[in-house]
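Worksheet: the structure to be examined is printed underneath.
The values are calculated or read from the model by the stated rules, or taken from the named source; none is laboratory data. These numbers come from a predicted model, not from an experiment. Every residue, glycine as well, gets a Cβ built from its backbone with ideal geometry; the counts of neighbours run over all protein chains shown. Please note that ligands, DNA and RNA were not included when accessible areas were found on the heavy atoms of the full protein model with its side chains. Shrake-Rupley method; radii C 1.70, N 1.55, O 1.52, S 1.80 Å.
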Amino acid sequence: MIQVSAASLLIEEPYTPGLSREYVAKTYGVALDDVAKLGSAENPFGPSPKALAVVREASARIDIYPEWTARVFREAIAAKFGFEADRIVCGAGETEVISLIIRAFAKAGDSILMYEPCFPIYHIFAENEGRVPIYVPMGPDFDLVVDRYIDTLRKDQPKIAFITNPHSPSGKLMEEADIRRICDAAADNTLVVLDEAYIHFSETPGSIALTREYSNLIVLRTFSKAYGLAGLRLGFGIAQNKALIAPLLAMKPTWNLGQMQIAGGGAAMADDAHVEYTVKTIVEMRNYVTGRLKGLNRFRMIPGSRSNFFMLEITDDSLDSTQAFNALLERGVIVKDCSVSFRGLGKRYLRIDVSLKKHMDRLADALRDIDSGKHAAKG
Ligand SMILES: Cc1ncc(COP(=O)(O)O)c(C=O)c1O
């Protein structure tokens with residue numbers, strides 16, 4: 001019989017993706033355009049039209065193998081951030097880069113530090129091959145409690161320490177001074193991974209520059225969020241310390257990015273105006289929806305998100321997050337049920353994207369309707 005080499009590859013916790021707009025439109029009889037898809041933190045404006053044109057053009061070359069390191073894309077990233085291209089590794093989304101990092105820098109039995117809750121891919125990949133996730137609990141209203149993170153970092157000396165900034169699912173932003181404190185506290189053999197998937201929405205420049213000061217730091221970015229290219233699959237890791245990047249390049253599947261990804265990524269990054277428009281609108285809508293969700297009795301928005309989503313607490317004990325999720329679906333609104341999508345949260349929270357005004361209105365109306373109790377969830 002064929003044997004799986006890592007026993008724990010048999011774990012039964014695959015990633016649970018969000019539902020599609022088509023499925024909800026068909027199942028609940030809502031016009032496709034009206035379905036509010038607020039569960040995957042995608043860009044409601046889609047990608048830059050300039051990037052789309054370049055992707056189409058690149059499709060003429062799909063009979064030709066791409067350059068295996070995505071050289072032109074790496075050069076474009078390098079130029080944008082003022083680094084050498086050999087300090088960058090690109091992947092099919094950040095997710096691929098995360099998997100490479102975990103495999104390259106932690107072996108079976110090694111520990112990997114993260115907040116609980118966090119982006120589930122960190123612990124799913126960690127556990128896949130027998131590594132051990134260590135969780136730092138968050139504080140009231142998902143405060144990051146950096147001192148607690150640092151205490152655990154010092155005590156357990158994990159091989160890898162993940163930070164997400166802004167954090168998911170809470171959207172809370174960590175100050176750069178705290179990121180420095182974490183890098184300072186990390187032991188020589190601990191790699192700090194700063195995941196900046198949502199950094200644009202915080203309206204801060206992020207902390208890629210810190211990699212010049214800290215040889216134990218790698219920063220990750222994705223094109224799935226502000227760049228609107230979740231379906232193209234593009235992300236990268238950047239570190240001034242070449243010794244962090246070289247093993248990732250050596251381990252990655254040789255042609256992990258295709259012609260369209262390599263060309264599209266560079267074009268997307270060149271269109272600052274598209275990202276600026278996206279961020280400006282999302283920040284406006286974050287304020288708008290915060291106003292619209294005030295005064296609910298059964299729900300409370302967790303304050304302080306600096307991302308393109310926020311958490312909603314269900315304060316009424318007679319309603320749980322799965323019932324609320326289903327009640328919203330029936331009203332054409334797709335969100336994330338945190339009890340399914342995030343470890344350690346129980347049944348009291350939803351994560352909801354900030355999106356177009358019409359979707360925020362549909363969400364607010366649906367919540368008000370459920371709040372009134374007249375239309376209790378079916379279960
Ligand atoms: C915190 C965080 N990091 C990384 C990713 C992965 O993004 P990608 O689409 O680039 O794989 C996500 C996706 O939802 C995320 O929430």
Counting each pair of different Cα atoms once, what's the Kirkwood radius of segment 49-271 in Å, rounded to one decimal? 17.7
Return one number: the angle in degrees, 0 to 90 and rounded to the nearest 10, between the long axis of the Cα atoms of helix 357-371 and the longest principal axis of the Cα atoms of the chain. 50
Quick check: residue separation of ASP188 and ALA31 times 0.36 nm, minus the Cα distance between them. What number comes out in nm? 51.0 nm
Sum -39500 (n - 2.57) across every DSSP H segment of at least 4 residues in the chain, then divide by the residue count to get the 222 nm mean residue ellipticity, nearest 500. -11500 deg cm²/dmol
Only bridges with both residues in segment 49-271 count here: give the DSSP antiparallel percent, nearest 5. 30
How many angstrom separate the Cα center of segment 19-92 from the Cα center of segment 230-267? 13
Cα extents of segment 146-237 along the three principal axes, largest first, in whole Å? 39, 22, 22
Relative to the longest principal axis of the chain, what angle (0 to 90°, nearest 10) does the C-alpha long axis of helix 49-58 take? 50
Kirkwood Rh and Cα Rg combined as Rg over Rh, evaluated for the chain: 0.96
Any chance you could check the Cα centroid distance between segment 285-319 and segment 105-165 for me, in angstrom? 27
For a test of the definition: using alpha carbon positions, the gyration tensor, and the 1.5 limit on a/c, classify segment 1-124 as rounded, prolate or oblate. oblate
Within 10 Å of each candidate Cβ there may be at most 16 other Cβ atoms; applying that plus a DSSP loop requirement, which chymotrypsin sites (Phe, Trp or Tyr not before Pro) in segment 252-315 survive? TRP255
Keeping all protein chains in place, calculate the accessible area per residue for the chain (probe 1.4 angstrom), answer in Å². 42
Could you check the simple spin-label distance between ASP110 and ASP156, using points 7 Å along Cα→Cβ, in nm with one decimal? 1.5
Out of the total accessible area of the chain (probe 1.4 Å, heavy atoms of protein only), what percent is carbon and sulfur? 54
Estimated distance in nm for a label pair at ALA209 and LYS280, the labels positioned 7 Å out from Cα along Cα-to-Cβ: 2.4
Hey, what angle do you get for helix 242-251 against the long axis of the chain, alpha-carbon based, 0 to 90 degrees rounded to 10? 80
Mind ordering 168-174, 353-359 by average Cβ neighbours within 10 Å, highest first? 168-174, 353-359
In percent, what relative contact order does the chain have, based on Cα pairs under 8 Å that are 6 or more apart in sequence? 24
Rotationally averaged projected area of segment 190-345 (alpha carbon convex hull; nm²): 12.2
